[in-house]
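Engineer: Sharing a structure here in structure tokens format.
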Amino acid sequence: MAKNRDLARAALDELLGLADLPLSTADRVTIAGADPVLPTRYRIGTAAAGILAATGVAASELWKLRKGRTQAVSVDVPAAAVSLRSSRYMSIAGREADRDFAPLMRFYPARDGRWLFLHANFPNLRDAALRVLGLPADRIEDRDAVAAAIAPWDGEALETALHEGGACGAFVRTHAEWDRHPHAQAIAHLPAVEITRIGDARPRPLPEGDRPLAGVRVLDLTRVIAGPTCARTLAEHGADVLKITRVGLADSGDLDLDTGIGKLSARLDLRQREEHARLVELARSVDVFSQSYRPGTLAARGFGPEALAELRPGIVYVTLSAWGHTGPWQHRRGYDTVVQAASGMAEASGGATGPKHLPVSALDYVGGNLMAFGAMVALARRATEGGSWLVRVSLATTARWILNRGVLARDEFAGAPDDLPAAAIDRLSSEMDTPLGRMRFLSPVVGMSETPAHWARPAVPLGYHQAAWPA
């Protein structure tokens, strides 16, 4: 058990090294508990505790810049593990969160005994997949028809065809097959989080306030889980977060409520001149700009890192991609489940009945917190040395970082429970009134001795507020 606790501290130390923070910044960190927490061979509790402790250290360092003193930070490994599926424990007005996936989203047998994972959680991806498979649009719930259409395909060939047809899916590989893949080799040198200076600017002290990120403005142009988790983590330490989406863009249902706690939410359509101009005005006074569109998408509309560093010297630009910013797959769509399938995690988690995903969205939540950690480190650098900063994270490099925590033998996790006891989940949960009713949700996992992490704003429906900073 002590060895497993040491693994979580080693994960924290590795992250501090990537951020050029001395290991002594973790002297007041306590990590309790160890894997296995849930039945999976991957050390998800270790990974989650390591990155969450890192966010606590980064927040403590910002507090030190404000007040001249650090804080004690604590993380519980079991709590960290279940936070990787926090939406499971959310309820709104007495109703449990909807966890149903799109009917077509699953693993399908392909030719030669191999498997293909089809991602179809948004209507555009579902419809594109049906077109690639030569199926009519009315087969949106016909798994049998989709299975029959996939069965003759070579898995890698279909993976490519889905990408070229505007859909999304992954051929299920082993870890060894992924290691040999040209894209895996192209991103092998990339760290879990990159923090790079991209422009000059005078040092910008943190605003006045009684929390580590009080007064810090964050624009959140992200979707699904990983990107929104980044801004939610910044909000739990006091940042003013404004989430921006647009009418007509497919949402993630109840997931948006879970990752929307602590945020304002507005809609802007960047295809409309006036609304594009409004985002420009918001960006003129932003501190952190976080986005998760595919590489180049926002840059084409004038919101790339270099353009915003010129518009707002001293900005911290945080970007998430599925596959990284280099390599042959850099422009491909991808999600947590897709990367698990392509990288070997789903194959290694499966058994006689086929591949299987992890019991948590580890890549999403760990990746989102890697983004938040990088953002806070960059804010501290901006305050002390100036400059504009770019923070880059990908789901693919996050998967590798989790794998590098080591794996458990099957007999080591075979007896792990499917969940924490209900009483433990109750202790980890909080409640808040929202425009949709009373909401129950998992509380922030990181313990802070002087500025307890919490969300000051309730979750709201997308587009609930005006596109403006709070007065």
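Engineer: Do we find a residue being assigned to a helix (DSSP H, G or I) and among the polar types (S, T, N, Q) anywhere in the stretch 42-54?
Structural biologist: Looking for residues that are assigned to a helix (DSSP H, G or I) and among the polar types (S, T, N, Q), one finds at least one in the stretch 42-54, hence yes.
Engineer: For the stretch 167-254, give me every one of the strands (runs of 3 or more DSSP E) that falls completely inside it and has 1 or more residues that are among the polar types (S, T, N, Q).
Structural biologist: 194-199, 240-245
Engineer: I'd like the full set of residues that are of a type in the set (A, V, I, L, M, F, W, C) and either closer than 13 Å to Arg217 by Cα or touching a Gly at 6+ places or on another chain (Cβ under 6 Å) (or both), limited to the stretch 267-283.
Structural biologist: Matches in the stretch 267-283: Leu282, Ala283.
Engineer: Please indicate, with yes or no, whether at least one residue in the stretch 4-11 is in a loop (DSSP other than H, G, I, E, B), open to solvent by 30 Å² or more (accessible area, probe 1.4 Å) and not aliphatic (A, V, I, L, M).
Structural biologist: Within the stretch 4-11, not a single residue is in a loop (DSSP other than H, G, I, E, B), open to solvent by 30 Å² or more (accessible area, probe 1.4 Å) and not aliphatic (A, V, I, L, M).
Engineer: Here's another thing I want to ask about it. Return yes when Val360 is among the β-branched types (Val, Ile, Thr), touching a His at 6+ places or on another chain (Cβ under 7 Å), modelled with pLDDT of 95 or more and open to solvent by less than 20 Å² (accessible area, probe 1.4 Å) and no when it is not.
Structural biologist: In short, no.
Engineer: Take the residues of the stretch 424-458 that are in a strand (DSSP E or B), out of contact with any Phe, Trp or Tyr (no Cβ under 8 Å at 6 or more places or on another chain) and within 21 Å of Lys243 (Cβ to Cβ): which is most open to solvent (accessible area, probe 1.4 Å)?
Structural biologist: Asp433
Engineer: If you go through the stretch 367-410, how many residues are over 23 Å from Leu206 (Cα atoms) and touching a residue at least 24 places away in the same chain (Cβ under 8 Å)?
Structural biologist: 18
Conditions tested, residue by residue: (1) in contact (Cβ under 8 Å) with a residue 40 or more places away in the chain; (2) in contact with a Ser or Thr (Cβ under 9 Å, 6 or more places away or on another chain); (3) open to solvent by 40 Å² or more (accessible area, probe 1.4 Å); (4) of a type outside the set (Gly, Ala, Ser).
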{"site": "Thr30", "(1), (2), (3), (4)": "yes, yes, yes, yes"}
{"site": "Val37", "(1), (2), (3), (4)": "yes, no, no, yes"}
{"site": "Arg41", "(1), (2), (3), (4)": "yes, yes, yes, yes"}
{"site": "Thr46", "(1), (2), (3), (4)": "yes, no, no, yes"}
{"site": "Leu52", "(1), (2), (3), (4)": "yes, yes, no, yes"}
{"site": "Val57", "(1), (2), (3), (4)": "yes, yes, no, yes"}
{"site": "Leu65", "(1), (2), (3), (4)": "yes, yes, yes, yes"}
{"site": "Gly68", "(1), (2), (3), (4)": "no, no, yes, no"}
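Engineer: Only one of Gly253, Gly238, Gly215 is at pLDDT below 95 and open to solvent by 10 Å² or more (accessible area, probe 1.4 Å); which?
Structural biologist: Gly253
Engineer: For Thr70, are the conditions met, namely being part of a strand (DSSP E or B), out of contact with any His (no Cβ under 9 Å at 6 or more places or on another chain) and of a type in the set (Ser, Thr, Tyr)?
Structural biologist: no
Engineer: Here is a follow-up. Tell me which helices (runs of 4 or more DSSP H) are completely within the stretch 287-359 and hold 1 or more residues being within 22 Å of Ile244 (Cβ to Cβ) and of a type in the set (Gly, Ala, Ser), or say none if there are none.
Structural biologist: Of the helices (runs of 4 or more DSSP H) lying wholly inside the stretch 287-359, those with at least 1 residues that are within 22 Å of Ile244 (Cβ to Cβ) and of a type in the set (Gly, Ala, Ser) span 305-311.
The values are calculated or read from the model by the stated rules, or taken from the named source; none is laboratory data. Values in this document were obtained by computation on a predicted structure and should not be read as measured data. Glycine gets a Cβ as well: all are built from the backbone with ideal geometry, and neighbour counts include every protein chain shown. Only protein heavy atoms, including side chains, enter the accessible area calculation; ligands, DNA and RNA are left aside. Shrake-Rupley method; radii C 1.70, N 1.55, O 1.52, S 1.80 Å.
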